[in-house]
Amino acid sequence: MINPGGERAWLDELRAREQTQTTTLTPLIVHCEHCGQPLSVANHGHRTVTTLAGMWKLTLVIRQCIQPDCPGFHQIHRPEEEGR
Ligand SMILES: [Zn+2]
């Protein structure tokens, strides 16, 4: 049995999927500028950006220093590209 609207909906979904691209932004800094220890991944953020070329799903990696005696302890580093 053929659903008259079914095929059309499937094509629309396929087209939308083609136009959606994903990328991961990570901070350029990987070592703490205060203590030199490797930064840990504190969190992941998500953002969807729509451009003329289609939709981008961005995963933002957020880093922080986890050395308790470091002046930069829990200082958040976000991807530098964000917001441009
Ligand atoms: Zn540190």
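Where a number appears in this text, it was derived from the coordinates with a stated rule and is not lab data. Since we're looking at a predicted model, the values are computed, not measured. With ideal geometry, Cβ positions are generated from the backbone for all residues, glycine too; neighbour counts draw on all protein chains shown.
Charges only on Cβ, +1 for Lys and Arg, -1 for Asp and Glu: so what's the dipole of the chain about the Cα centre, in debye to the nearest 20?
Values: 8 positive and 9 negative charges, 29 e Å.
That gives the chain a dipole magnitude of about 140 debye.
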Checking the a/c ratio against 1.5 first, then a/b against b/c, what shape does the Cα gyration tensor give for the range 21-82?
prolate
